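Below is one structure, written out as structure tokens, with a few remarks after it.
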Amino acid sequence: MAHSSSTQTLPASPTVPKHVAIIMDGNGRWATSRFLPRVAGHGKGVEAVRAAVEACAARGVEYLTLFAFSSENWRRPADEVSLLMRLFMVALEREVGKMHANGIRLKVVGDLSRFDDKLQQMIDNAERKTAGNTTMTVTICANYGGRWDVMQAVQKMLAARAASGAPVLAGADAFSEDELAQHLAMAYAPEPDLFIRTGGEQRISNFLLWQLAYSELYFTDTYWPDFGADELDKAIASYQQRERRFGRTSAQLVEQAS
């Protein structure tokens with residue numbers, strides 16, 4: 001594992017979160033509240049992504065993960081899903097060059113096999129182009145689900161065992177968190193320090209189920225298209241007021257600080 005597990009070790013608690021994960025919710029409701037079609041909200045949401053990337057980079061966030069399309073979002077009306085796919089391609093065409101120029105690495109994680117060949121190729125090209133960048137890593141979770149992530153990690157772990165000649169079927173104590181975690185879709189990133197959900201809902205909706213074990217959760221009624229730098233600062237300020245104990249007591253934290 002390149003990064004420590006919050007259940008196995010005591011992670012650092014940086015003043016500015018190293019990794020921010022966001023469920024970008026409320027695009028459709030933002031539009032309908034303005035008597036606009038839902039598609040207008042999704043278009044405005046793409047602009048908010050650009051603003052979030054810029055604001056996080058300016059504040060020293062190293063990893064930004066955005067939940068763009070869940071494995072359950074296929075249940076939405078077909079025309080809306082089609083629009084979201086087109087917006088994804090347009091965003092890749094318009095934004096990847098700018099991200100590359102600013103040293104930002106782009107990753108897209110999820111079950112990408114369901115996307116058409118053109119979109120898969122665009123994703124691959126974008127990842128290759130930005131692979132060497134180190135200023136910040138922006139991850140887009142597309143056709144992603146937390147349960148899918150754990151299941152595919154288990155499958156890869158067992159396949160790796162078989163390839164190495166190690167026993168595939170063994171007692172439960174023969175497997176470790178580290179062995180599984182290295183096969184998660186975002187094994188390249190630390191666990192999120194701060195999770196944000198916009199739009200007023202207060203649930204994690206099958207997002208990063210493994211990785212959010214000790215993340216600080218922040219919910220806001222602000223719809224995603226209105227979530228700008230000021231709203232990000234409010235979320236970070238809330239995070240900075242949290243006592244991150246990771247299973248310890250407050251007294252232990254005081255003793256450690258003294």
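The values are calculated or read from the model by the stated rules, or taken from the named source; none is laboratory data. Everything numeric here is computed off the predicted structure, so don't read it as measured data. A quick note on method: Cβ atoms are made from the backbone with ideal geometry, for glycine too, and the neighbour counts reach across all protein chains shown. The protein model used for the area step is the full one, side chains on, heavy atoms only, and it has no ligands, DNA or RNA in it. Shrake-Rupley method; radii C 1.70, N 1.55, O 1.52, S 1.80 Å.
Looking at the stretch 10-22, which of its residues are open to solvent by 10 Å² or more (accessible area, probe 1.4 Å) and modelled with pLDDT of 70 or more?
Let us first name the residues in the stretch 10-22 that are open to solvent by 10 Å² or more (accessible area, probe 1.4 Å), namely 10-16, 18.
Selection gives Ala12, Ser13, Pro14, Thr15, Val16, Lys18.
Might you let me know whether the stretch 172-182 holds any residue that is in contact (Cβ under 8 Å) with a residue 60 or more places away in the chain, surrounded by fewer than 22 Cβ atoms within 10 Å (Cβ to Cβ) and within 14 Å of the chain's Cα centre (by Cα)?
no
Pairs under 8 Å by beta carbon, first residue closer than 24 Å to Trp30 by Cβ in the stretch 184-213, partner basic (Lys, Arg) and in a loop (DSSP other than H, G, I, E, B), six or more apart or different chains?
Going by the 8 Å Cβ cut-off, the qualifying pairs are Arg197/Arg203.
Looking at Arg86, Arg147, Arg105, Arg128, can you tell me which residue is closer than 25 Å to Gly41 by Cα and of a type in the set (D, E, K, R)?
On the way: Arg147 fails: closer than 25 Å to Gly41 by Cα; Arg105 fails: closer than 25 Å to Gly41 by Cα; Arg128 fails: closer than 25 Å to Gly41 by Cα.
Exactly one of Arg86, Arg147, Arg105, Arg128 is closer than 25 Å to Gly41 by Cα and of a type in the set (D, E, K, R), namely Arg86.
Scan the stretch 56-83 for residues that are open to solvent by less than 30 Å² (accessible area, probe 1.4 Å), among the hydrophobic types (A, V, I, L, M, F, W, C) and more than 16 Å from the chain's Cα centre (by Cα) and jot them down.
Val81, Leu83
Could you tell me which residue of the stretch 220-232 is nearest to Met24 (Cα to Cα), considering only residues that are surrounded by fewer than 18 Cβ atoms within 10 Å (Cβ to Cβ) and without any contact (Cβ under 8 Å) to a residue 40 or more places away in the chain? Spell out the reasoning first.
Of the residues in the stretch 220-232, the ones surrounded by fewer than 18 Cβ atoms within 10 Å (Cβ to Cβ) are 221, 226, 228-230.
Adding the requirement that they be without any contact (Cβ under 8 Å) to a residue 40 or more places away in the chain leaves 221, 230.
Working: Asp221: 12, Asp230: 16 Å.
This residue is Asp221.
Can you run down the residue pairs with Cβ atoms below 8 Å, 6 or more apart or on separate chains, where the first is in the stretch 151-165 and charged (D, E, K, R) and the partner is at pLDDT 90 or above?
These pairs meet every condition: Lys156/His183.
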